[in-house]
């Protein structure tokens, strides 16, 4: 490896890390979150890897995106995107619970 290549590697590495970190940043949206049919003001941030709901009562839930509309909560619960959701986010657990979000 020549000197020029060795000098280029740190720059290339920094550029790769910077591009990954900027694409993974979450944008925060204000709206109403729902657990089953009970709503509460909240904010939601999402990036390609996680969905985080911050409820106004102080509860924060983070769901890891697994692909194909599947999310896993911090306790290992599996939530699937509801196919009939026409707006916002609607996740359904196999036990029948639903979690949703509609932006204001």
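The values are calculated or read from the model by the stated rules, or taken from the named source; none is laboratory data. Note that the coordinates shown come from a computational prediction; the quantities given were computed from them, not determined experimentally. Positions of Cβ are generated from backbone atoms using ideal geometry, with glycine treated the same way; all protein chains shown enter the neighbour counts.
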Which condition number does residue 46 fail, the rest of (1) farther than 15 Å from residue 88 by Cβ; (2) at pLDDT below 95 being met? (1)
May I ask you to verify whether residue 99 is closer than 21 Å to residue 29 by Cα, in contact (Cβ under 8 Å) with a residue 60 or more places away in the chain and part of a strand (DSSP E or B)? yes
Taking the stated definitions as given, is residue 84 more than 15 Å from the chain's Cα centre (by Cα) and over 18 Å from residue 29 (Cα atoms)? yes
